[in-house]
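Colleague: My structure is below; once you've seen it, I'll send some questions.
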Amino acid sequence: MRVQAKDHFNGAVTMAPMDPVRIIAGRASLDDVMAELCRHRPVFHSEADLQHSFAKVLWELAPDVHSRLEVPQRGLGRTEYLDLQCLGPGGRTAIEFKYFTRGWMGEAGTPVEDFILKAHGATDLARLHFVRDIARLERFCRRPDQNGLALMLTNEASLWTPPGRARRRTRDHDFRIHHGRELSGRLLWAEGTYEPNTCSLRGMYPLKWETYSEQGGAGGEFRYLAVFVDSSTSGADDATGE
């Protein structure tokens, strides 16, 4: 399997081998999208800014992939909304984004812009919501030609850093998403004492954080976590899988 790849130095487009697991809509490599995105947008103002910029770069790399924002997904008697649906001639990808930040101020990008990022603070909820995104994608990806991608971009190092051995067990212990962790099975919030936050995953997901950009000052390092979901993990709707 091969995919179009753009040489960022001379602009030439070639056909390169692709990892079928990390492909968007059967056309574009996530690695290529993130590399091209970082060239001009190493920092984002908001999650919506990230979504729009990601869709723009995807179109530039794969013009036959069409992107749709906030697509309704109906099930369990309610309507949920998917951040981005990418439709290609040979496949489609459902994408959920998370952009979680700690405080940072600086200049970045082409053209250069001023950024003032707020500290979101509640890292336990950031983990919970990211895991819920994976569970949602397991429900949404029912077609054999569709996969899903849960993507988190952050400058909050505590999300990718493994907790110390002496650290006490926190309520989000099962939802830890640090580098090297594997997510699978039934995840309990506060050891099961708060059932609404219980989350069940059908697949097994090894977590690998990757460098996105390096900016100056405290909080200037940005990394991303990408988790792909395929249709083999999709099944009947599960009320605990939000």
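Colleague: Quick check: net charge around P144, other residues with Cβ under 12 Å of its Cβ, Lys/Arg +1 and Asp/Glu -1? Please list the in-between numbers first.
Modeller: Details: positive: R92, R142, R143; negative: D145, D230.
With Lys, Arg at +1 and Asp, Glu at -1, the neighbours total +1.
Colleague: Using the per-residue mean of other Cβ atoms lying within 10 Å as a proxy for protection, in what order, highest first, do the peptides 146-159, 107-120 fall?
Modeller: On the way: 146-159: 22.4, 107-120: 12.2.
Per-residue Cβ counts within 10 Å, averaged per peptide and sorted highest first, yield 146-159, 107-120.
Colleague: Which of the peptides 187-197, 126-136 is most tightly packed, and how do the rest follow, judged by the mean count of other Cβ atoms within 10 Å per residue?
Modeller: 126-136, 187-197
Colleague: Report the relative contact order of the chain, percent, no decimals, based on alpha-carbon pairs under 8 angstrom and at least 6 residues apart.
Modeller: Working: 497 pairs, mean separation 41.7, N = 242.
Relative contact order comes out at 17 percent.
Colleague: While we're on this one: If you find the alpha carbon centre of region 20-86 and of region 163-232, how far apart are they in angstrom?
Modeller: Computed from Cα coordinates, the inter-centre distance equals 21 Å.
Colleague: What's the ranking of 201-213, 24-36, 54-66 by average number of surrounding C-beta atoms within 10 Å, highest first? Provide the component values of the computation, followed by the final result.
Modeller: On the way: 201-213: 15.8, 24-36: 21.3, 54-66: 18.8.
Highest mean packing first, the order is 24-36, 54-66, 201-213.
Quick note: the coordinates plus some simple rules give every number you see, no bench work behind them. The structure presented is a predicted model; accordingly, all values stated were derived computationally and were not measured. Please note: Cβ atoms are built from the backbone with ideal geometry, for glycine as well, and neighbour counts cover all protein chains shown.
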